[in-house]
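The values are calculated or read from the model by the stated rules, or taken from the named source; none is laboratory data. Treat the numbers as computed from the prediction; the structure is a model and nothing was measured. All Cβ positions, glycine included, derive from the backbone under ideal geometry; neighbour counts span all protein chains shown.
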């Protein structure tokens, strides 16, 4: 994440939410603000920062096609401004537009063009800290941290001179932004000691009385929005403090200073309770399972499409045994977590259905498409259970084999020979039946309809009366045939034909 | 005049991965991954060899050539007659270079170093001041100007070391040297700063236009005039012609002679362009100017300008003794304009 300062005008107001009836994703508000800014403003910086911010916000949600569209618009605006400025013989304006064109080009992946444009801007304004910071940002986007560090050092050196000569709030804020850029690039180069020192200086400075006027304005206007291209001192202050604290916290976390890391993350949440990065981090650093679950739930609500969060959560699920059916479905974040839990349990058909429903709501989201691809790959690569390749007449299948069998049924990938082998086999497993019998059983009988084998759900075609008295939720020895795949309480399940039920010996 | 006056090309903009340079043996073209040498007409390929991923500059001597990749920190140094050479990893952001004898001197901006790469690939390096931007040669010395630091450094070739440094003012956009002086263009201050190479001290400033960006030597000194500098000023949409530095005695003598002969100094002192030009190139008696924002290449005299091509990248054309060569990205060909 880069941070640019363009502190010359005000932000526009809120427009109607596009995600009616959804719990708001954290960046929804910023997207609405920027869409409104773009719709209402005509000046270059408002238009440019609006599209750059929209691109960054979309990118953070892994909506790459939408992000690219915004960056293309930003580039067009910057290119037009370059030509207009040259016609008007306004060379500083031309250099600024050229710097932004370079940044937009970098975001679009055109490194060669971005480099040439950055050089062109420097011909006219190599005395400008802002130009050097834009070069640093461009190089950072192009993943050239050594170049970014060099450019950022120039920006910081110039801004420090400016602060020495004129220690205004505006100059101090600019210095903080450039120090943050430098620190970010140093982190990319693994030069963390200097980065930590810089970030500490930035956070300390922002929390000091030097910014009391800005802090009062922020409190009065209840500003909380985070932008990569912030406009106005208040917006720049809020965004810079947020980003600097997050960076500093991550440095603390990476070197094992958990207490300091938590303090910084919690400070971020004190200013903005739905910051997805801080929530994800606090889930990682949680002291109890309940705390972890709570932070994960909040983090997914804040940004359901963050791949780092999703990978974190998948690792967490891998360490846990993902329980089924415990999730609430009323938020996008919760639905994504359900899908991840289904993937973890191997309920790939159900996971596909969950993701497909989300894709209908968020058709441009790359995270959902990626998860769907991952599910499809796992389904396609589901191994044929060993018993289907044998001539055995009976088997005691593992949970993995039963889940693979469900996927094979769902994808219709069983050959005629394999189906014949399956039909010829009987299976023996330890089953746990669920719930009370569907209707009062006759004396000496027990009626069951569904249950699970090693956490793999199953059900019968109809309630079956077994001779004998058996309790639900008790491990029992079930002998059965496998008829196919079905759904049980929304989850993938096997359709079984019971042959015998008896107590475990 | 008729020979060059009317040729005009409209070329698709956006080609930034090609660099064209004229050399004593023909025209060099660097594309992504390849380096080619064409004959002097630009039609026949003399050789084609390995290049760099993102060529940003090509430097040639009479018998060697180097293509620089500023983004990926690489340079391909090759023999000009054969194209055989080696690719070397450079310091961070190689930005400019020159050949002296068999050695290639390469300025790495973000490494803040001047690297010497021998013909055998052996490397040596000297540290230079912050933001080194330009490297030039005068006699047996190399001069490096560091933009943010505002330092001009004189570097001896043997031993390879910084010999003298002078604080000359930061943020210049161009540096040119003659045997006596260094000329630095300061766009913000609207001045050309002159530094005496003998003393490495300021020899004064020349006020020029509104935003002087690029400098080229337009003529040698004569009995009547000092050396003439052409200065591109995109804000004024002009190329200014000014006299370079001269001693007090020279100035008095030349003024006296002009008085005797009844001559003014440059009756038409500037050329007007429809767009702002920010680069000026002089080849013999032919003057060229380039507008980077629109990619327009002009040929001009003191009284008029003619568009030669539009929509070309700053590095995609070269002016040499055998003509003007451009890379036309629309048809993917090297073309000779005149």
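Of all the numbered requirements in (1) buried (at least 19 other Cβ atoms within 10 Å of the Cβ); (2) at pLDDT below 90, residue B:250 misses one, and that requirement is (1).
Being touching a residue at least 40 places away in the same chain (Cβ under 8 Å) and over 17 Å from residue A:394 (Cβ atoms) is a property that does not hold for residue A:445. Among the residues of region B:64-88, those identified as surrounded by fewer than 21 Cβ atoms within 10 Å (Cβ to Cβ) and closer than 17 Å to residue B:108 by Cβ are B:72, B:74, B:87, B:88. Take residue B:197 and tell me if it is within 28 Å of residue B:113 (Cα to Cα) and surrounded by 22 or more Cβ atoms within 10 Å (Cβ to Cβ). No: the conditions fail for residue B:197.
With more than 14 Å from every other protein chain (Cβ to nearest Cβ) and either closer than 19 Å to residue B:110 by Cβ or surrounded by fewer than 20 Cβ atoms within 10 Å (Cβ to Cβ) (or both) as the only criterion, which of A:156, A:149, A:163 stands out? The conditions single out A:163.
Filter region A:178-188 down to the residues that are under 25 Å from the mean Cα position of the chain (by Cα) and surrounded by 23 or more Cβ atoms within 10 Å (Cβ to Cβ) and list them by number.
Scanning region A:178-188 gives A:180, A:181, A:183, A:184, A:185, A:186.
Taking region B:290-304 as the search range and keeping residues that are at pLDDT 90 or above and more than 14 Å from every other protein chain (Cβ to nearest Cβ), which one is nearest to residue B:18 (Cα to Cα)? Checking each candidate, the answer is B:297.
Residues considered: B:71, B:65, B:95. Of these, the only one that is part of a loop (DSSP other than H, G, I, E, B) and either modelled with pLDDT of 95 or more or touching a helix residue (DSSP H, G or I) at 6+ places or on another chain (Cβ under 8 Å) (or both) is B:71. Just to check your reading of the model, which residue among A:418, A:445, A:473 is buried (at least 16 other Cβ atoms within 10 Å of the Cβ) and farther than 24 Å from residue A:352 by Cα? On inspection, the qualifying residue turns out to be A:418. Within region B:23-58, count every residue that is surrounded by 23 or more Cβ atoms within 10 Å (Cβ to Cβ) and part of a strand (DSSP E or B). So the count comes out to 9. Selection of strands (runs of 3 or more DSSP E) fully inside region B:123-190 by the criterion of at least 2 residues being under 28 Å from residue B:86 (Cα atoms) and in contact (Cβ under 8 Å) with a residue 12 or more places away in the chain returns B:123-127, B:132-138, B:141-146, B:151-156, B:161-167. Considered as a group, the residues in region B:105-126 that are in contact with a strand residue (DSSP E or B) (Cβ under 7 Å, 6 or more places away or on another chain) and within 14 Å of chain A (Cβ to nearest Cβ) include one that is nearest to residue A:122 (Cα to Cα), and that residue is B:109. Here the condition is being in contact with a strand residue (DSSP E or B) (Cβ under 9 Å, 6 or more places away or on another chain), away from chain B (no Cβ under 11 Å) and part of a helix (DSSP H, G or I); of A:173, A:182, A:186, it holds for A:173 alone. Would you call residue A:461 within 43 Å of the chain's Cα centre (by Cα) and closer than 19 Å to residue A:405 by Cβ? Yes: the conditions hold for residue A:461. Considering A:427, A:470, A:458, A:409, the condition of being outside any strand (DSSP E or B), closer than 26 Å to residue A:343 by Cα and touching a strand residue (DSSP E or B) at 6+ places or on another chain (Cβ under 7 Å) is satisfied by A:409 alone. Residue count for region B:206-226, restricted to those that are assigned to a loop (DSSP other than H, G, I, E, B) and at pLDDT 75 or above: 6. Within the set A:126, A:99, the sole residue that is under 23 Å from residue A:179 (Cβ atoms) and more than 31 Å from the chain's Cα centre (by Cα) turns out to be A:126. Do we find a residue being free of Cβ contacts under 8 Å to residues at least 40 places away in the same chain and under 20 Å from the mean Cα position of the chain (by Cα) anywhere in region B:40-49? No, region B:40-49 contains no residue that is free of Cβ contacts under 8 Å to residues at least 40 places away in the same chain and under 20 Å from the mean Cα position of the chain (by Cα). Does residue B:307 satisfy the condition of being more than 14 Å from chain A (Cβ to nearest Cβ) and either outside any loop (DSSP other than H, G, I, E, B) or in contact with a helix residue (DSSP H, G or I) (Cβ under 9 Å, 6 or more places away or on another chain) (or both)? Criteria met by residue B:307. Residue count for region A:377-392, restricted to those that are touching a residue at least 12 places away in the same chain (Cβ under 8 Å), outside any loop (DSSP other than H, G, I, E, B) and under 30 Å from the mean Cα position of the chain (by Cα): 3.
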